[in-house]
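Asker: Got a structure here, written out as structure tokens. Questions coming.
The values are calculated or read from the model by the stated rules, or taken from the named source; none is laboratory data. Quick caveat, the model's predicted, so the values are computed rather than measured. When the accessible area is computed, the model is the full protein with side chains, heavy atoms only, and any ligands, DNA or RNA have been set aside. Shrake-Rupley method; radii C 1.70, N 1.55, O 1.52, S 1.80 Å.
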Amino acid sequence: MQEETAHKQPSSRYELDIILYWSKLSMGLLFGFLSYMVMRLSDLTWFLMVPLLLIIALLISVVVITFYDRRHNTGMSFKGIVWKSISTYTGTYLIAFIALAILSFFWGA
């Protein structure tokens, strides 16, 4: 007997999670390299760059979630949008940020 596999269309929240994952991963890589370049060319420290760029990345993800919410009408409140931005894949952002910042330091030093 052959089992039938039902091809379900992913829900809008699942698509949003995928978009957030890839955006935070790519922002982590980009901002990790950017932090190295800024620290190399200025007197800013690592302890200032990490929170500053994290706040910028979280604001960008709030904008992404807001535009996605308006387009697909998911009905999220502003508090829910901010919470989703903070709680979803921030660890992925930090890991990518630190990994590329360290690699940039060793390649560029």
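Asker: Does any residue of the range 6-17 turn out to be among the hydroxyl-bearing types (Ser, Thr, Tyr) and open to solvent by less than 30 Å² (accessible area, probe 1.4 Å)? Outline the logic, then answer.
Answerer: Taking the range 6-17 first, the residues among the hydroxyl-bearing types (Ser, Thr, Tyr) are 11-12, 14.
With open to solvent by less than 30 Å² (accessible area, probe 1.4 Å) added as a condition, the list becomes none.
There is no residue in the range 6-17 that is among the hydroxyl-bearing types (Ser, Thr, Tyr) and open to solvent by less than 30 Å² (accessible area, probe 1.4 Å).
Asker: Among the residues of the range 68-94, which ones are open to solvent by 30 Å² or more (accessible area, probe 1.4 Å), in a helix (DSSP H, G or I) and not polar (S, T, N, Q)?
Answerer: Within the range 68-94, Arg70, Arg71, His72, Phe78, Lys79, Val82, Trp83, Lys84, Ile86, Gly91, Leu94 meet the criteria.
Yes/no per residue for (1) among the β-branched types (Val, Ile, Thr); (2) within 20 Å of Ser11 (Cα to Cα):
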{"site": "Arg70", "(1), (2)": "no, yes"}
{"site": "Asn73", "(1), (2)": "no, yes"}
{"site": "Gly80", "(1), (2)": "no, yes"}
{"site": "Ser87", "(1), (2)": "no, yes"}
{"site": "Thr90", "(1), (2)": "yes, no"}
{"site": "Trp107", "(1), (2)": "no, no"}
